[in-house]
Amino acid sequence: PIDFAAVEHLASLYADAGDANHLEAVVAMADRLFPGRISTRYFDGAVNFLRGRLPVALDLVMQVTASEPARSDAQNLLGAIYASCSRPAEARTAFESALRINPRDSSAYTNLGLLMLSSGNRADASELFAEALSLDPESGGARQGLANSR
């Protein structure tokens with residue numbers, strides 16, 4: 001039998017790679033085999049975010065955070081969606097929530113750093129990128145962000 005944890009792991013790999021096509025196929029399979037799972041809704045939100053369907057992505061991820069407010073990955077994705085919708089205050093709140101939940105999430109530091117950099121706050125952005133790199137020295141996004149903040 002197919003194990004939901006394996007499907008969820010596969011979805012996570014495709015989401016991290018930004019592979020919307022494969023992620024969408026896994027989401028469809030998960031929804032068919034395991035209907036109603038909140039993780040499936042999260043990954044569906046990620047698919048919609050990757051495809052630029054921001055209102056749909058926002059609705060799905062807000063359902064996830066309402067159901068499971070302690071999901072740092074959902075808070076981080078929510079922040080990315082808000083940032084993409086030009087809603088920086090909400091994005092910052094979501095990224096900060098993600099970091100309160102999981103202070104070892106380098107991508108949340110990177111995302112918050114990008115938000116700070118876009119608002120001209122180079123000093124705070126630099127600190128956030130440095131923290132992201134201390135957690136994940138291979139993070140290209142954090143490395144590029146740190147270079148851009150200086």
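Within the shell of other residues whose beta carbon sits under 15 angstrom from the beta carbon of R51, the net charge comes to -3, with Lys and Arg scored +1 and Asp and Glu -1. Counting 0.36 nm for each residue step from R122 to D3 and taking away their Cα separation leaves a gain of 38.3 nm. Relative to the longest principal axis of the Cα atoms of the chain, the long axis of helix 140-149 makes an angle of roughly 30 degrees.
Do you know the relative contact order of segment 16-82, to the nearest whole percent, from alpha carbon pairs under 8 angstrom that are 6+ apart?
Relative CO of segment 16-82 lands at 27 percent.
Treating the angle as unsigned and between 0 and 90°, give the value, to the nearest 10°, between the Cα long axis of helix 72-84 and the longest Cα principal axis of the chain. The angle comes out near 70 degrees.
Once the Cα-Cα distance is subtracted from the 0.36 nm per residue extended length, the R87 to A28 segment shows a gain of 18.3 nm. Accessible surface computed residue by residue for segment 1-148, with neighbouring protein chains in place and a 1.4 Å probe, gives 52 Å² per residue. Per residue, the average separation of C-alpha pairs within less than 8 Å and at least 6 apart gives segment 8-150 a relative contact order of 13 percent. Against the chain, whose longest principal axis is taken from its Cα atoms, helix 20-33 shows a tilt of about 40°.
When the solvent-accessible area of the chain is split by element, carbon and sulfur atoms take up 52 percent of it, the probe being 1.4 Å.
The values are calculated or read from the model by the stated rules, or taken from the named source; none is laboratory data. Bear in mind that the values here come from a model prediction, so they are computed numbers and not experimental data. Note: ideal-geometry Cβ built from the backbone for every residue, glycine included; neighbour counts use all protein chains shown. These area figures cover heavy atoms from the full protein model, side chains too; ligands, DNA and RNA do not enter into them. Shrake-Rupley method; radii C 1.70, N 1.55, O 1.52, S 1.80 Å.
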